Amino acid sequence: MSQHYYSKNPQTKSNPREWTYTLRGEKFHFHTDAGVFSKGEVDFGSRLLIEAFQDSEVDGPVLDVGCGYGPIGMAIAKAYPQKEVHMVDVNTRAIELARKNSEKNGIQNVKIYESDGLASVEEADFSAILTNPPIRAGKETIFRFYEEAFGKLAAGGSLWVVIQKKQGAPSTQEKLEELFGEVQVADKKKGYFIFEARKV
C-alpha cells in the first residue's frame, strides 16, 4: 500500500527534524518528521493562507482541517488569542507533532485531536474553517469535505481554502459557489488561489 501524509499511521521511517519559521510576524519553533506534509519548511500555499486569513466577526471557534504538524492552526491561534482553535488530522504522527509544537511554542488556546476530515468534529458553529486540502485524496473526498464544512460553520462564518490552479482551483471555486453562493478570491500568487466562501 502506498503511504501518503494523509494516511492514518504512516509507515515511513521516523526522521525527526527541528527548525524555526516566521509566520504573521511571529517566530515558531517546529518539530517535524517523515510521513507528514511539507516536513522541511512551511509550504508556500499554507503560508499564503496564513497571511491572507481574516477571521469573521461572528462568535465561535476556528477549525484547521488537515493541520499536519500545526503551522496554520498555531499561527491563527497566536494571532487570535481570544479564540479557541481546533486542529484536526487523520495522521496520528502529525497530531503528536502538532501537540508537541503547540506546547513548545506556549500556545494554549488550541484543541488538537484526530479526525478523518470532519468525522470526529463534534462542535459546530465555527467562525472560520481553514484547509490546505490533500489533493491526492481525490476530488470526491475534497468536495465532501466542503459540504461538511458548510454545515459546521456559523451563519456569517467562512471557509478558507488554498489550492493551486493546476490542482483544481477552477472546479473548487465552482463547487464553493454552488454551496455558498458568493466566493471571494482573497489572494492569488504563483498559481495558488486563496478562496473565502462565506456562509450567509
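Could you list, ordered by first residue, the pairs with Cβ atoms under 8 Å in which the first is in segment 7-18 and modelled with pLDDT of 70 or more and the second is surrounded by 12 or more Cβ atoms within 10 Å (Cβ to Cβ) and aromatic (Phe, Trp, Tyr), at least 6 apart or interchain?
Once the first residue is modelled with pLDDT of 70 or more and sits in segment 7-18, its partners that are surrounded by 12 or more Cβ atoms within 10 Å (Cβ to Cβ) and aromatic (Phe, Trp, Tyr) give Glu18/Phe30.
Search segment 66-94 for residues that are among the charged types (D, E, K, R) and pair each with any residue that is part of a helix (DSSP H, G or I) when their beta-carbon atoms are under 6 Å apart and the residues are at least 6 apart or on different chains.
Between residues of segment 66-94 that are among the charged types (D, E, K, R) and residues that are part of a helix (DSSP H, G or I), the close pairs are Asp89/Ile95.
What about Asn101, is it on the phi < 0 side of the Ramachandran plot, modelled with pLDDT under 95 and crowded, with 20+ Cβ neighbours inside 10 Å?
no
Take the residues of segment 146-173 that are in contact with a Leu (Cβ under 8 Å, 6 or more places away or on another chain) and within 20 Å of Ile50 (Cα to Cα): which is surrounded by the fewest Cβ atoms within 10 Å (Cβ to Cβ)?
Checking each candidate, the answer is Tyr146.
Within segment 33-56, take every residue that is in a loop (DSSP other than H, G, I, E, B) and closer than 19 Å to Val185 by Cα and give me the one that is farthest from the chain's Cα centre (by Cα).
Looking at residues that are in a loop (DSSP other than H, G, I, E, B) and closer than 19 Å to Val185 by Cα, I get Ser56.
Every residue in segment 121-180 that is touching a Ser or Thr at 6+ places or on another chain (Cβ under 9 Å) and hydroxyl-bearing (Ser, Thr, Tyr), please.
Once the filter is applied, which keeps residues that are touching a Ser or Thr at 6+ places or on another chain (Cβ under 9 Å) and hydroxyl-bearing (Ser, Thr, Tyr), segment 121-180 yields Ser127, Tyr146, Ser158.
List pairs: first residue in segment 166-189 and within 17 Å of Val200 (Cα to Cα), second residue at pLDDT 95 or above and part of a loop (DSSP other than H, G, I, E, B) anywhere in the structure, Cβ distance under 9 angstrom, at least six positions apart or on different chains.
The qualifying pairs are Leu179/Lys199; Phe180/Lys199; Gly181/Lys199.
Tell me, which residue of segment 51-69 that is crowded, with 24+ Cβ neighbours inside 10 Å and touching a Lys or Arg at 6+ places or on another chain (Cβ under 8 Å) is farthest from Ala119 (Cα to Cα)?
Selected residue: Tyr69.
Have a look at Ile112, Ile129 and point out the one that is β-branched (Val, Ile, Thr), in contact with a Cys (Cβ under 9 Å, 6 or more places away or on another chain) and more than 20 Å from Thr20 (Cβ to Cβ).
Criteria check complete, one pass: Ile112.
Look through Gly60, Gly106 and report the one residue that is assigned to a loop (DSSP other than H, G, I, E, B), in contact (Cβ under 8 Å) with a residue 60 or more places away in the chain and among the small types (Gly, Ala, Ser).
Numbers: Gly106 fails: in contact (Cβ under 8 Å) with a residue 60 or more places away in the chain.
Just one listed residue meets the conditions, Gly60.
Which number in (1) under 19 Å from Ile72 (Cα atoms); (2) part of a helix (DSSP H, G or I) marks the one condition that Glu140 misses?
(1)
Check whether at least one residue in segment 156-165 is within 23 Å of Asp43 (Cβ to Cβ), of a type in the set (Val, Ile, Thr), outside any strand (DSSP E or B) and out of contact with any Asp or Glu (no Cβ under 6 Å at 6 or more places or on another chain), and report yes or no. Working first, answer last.
Of segment 156-165, the ones within 23 Å of Asp43 (Cβ to Cβ) are 158-165.
Subset that is of a type in the set (Val, Ile, Thr): 161-163.
Within this subset, residues satisfying the condition of being outside any strand (DSSP E or B) are none.
No, segment 156-165 contains no residue that is within 23 Å of Asp43 (Cβ to Cβ), of a type in the set (Val, Ile, Thr), outside any strand (DSSP E or B) and out of contact with any Asp or Glu (no Cβ under 6 Å at 6 or more places or on another chain).
Have a look at Gly45, Gly35, Gly25 and point out the one that is of a type in the set (Gly, Ala, Ser), touching a strand residue (DSSP E or B) at 6+ places or on another chain (Cβ under 6 Å) and within 20 Å of Asp64 (Cβ to Cβ).
Details: Gly35 fails: touching a strand residue (DSSP E or B) at 6+ places or on another chain (Cβ under 6 Å); Gly25 fails: touching a strand residue (DSSP E or B) at 6+ places or on another chain (Cβ under 6 Å).
None of the others qualify; the one that does is Gly45.
Residue under question is Ala137, and the condition is that it be at pLDDT 95 or above and either crowded, with 16+ Cβ neighbours inside 10 Å or not acidic (Asp, Glu) (or both); does it hold? Quick ask: steps written out before the conclusion?
Working: at pLDDT 95 or above: no; either crowded, with 16+ Cβ neighbours inside 10 Å or not acidic (Asp, Glu) (or both): yes.
No.
List, please: which pairs have Cβ atoms under 6 Å, are six or more places apart or on different chains, and start with a residue in segment 120-137 that is assigned to a loop (DSSP other than H, G, I, E, B) and end with one that is of a type in the set (S, T, N, Q)?
Val121/Ser115; Asn132/Ser46
The values are calculated or read from the model by the stated rules, or taken from the named source; none is laboratory data. This one's a predicted model, so the numbers in the text were calculated from it and none came from an experiment. As a convention, Cβ positions derive from the backbone with ideal geometry for all residues, glycine included, and neighbour counts pool all protein chains shown.
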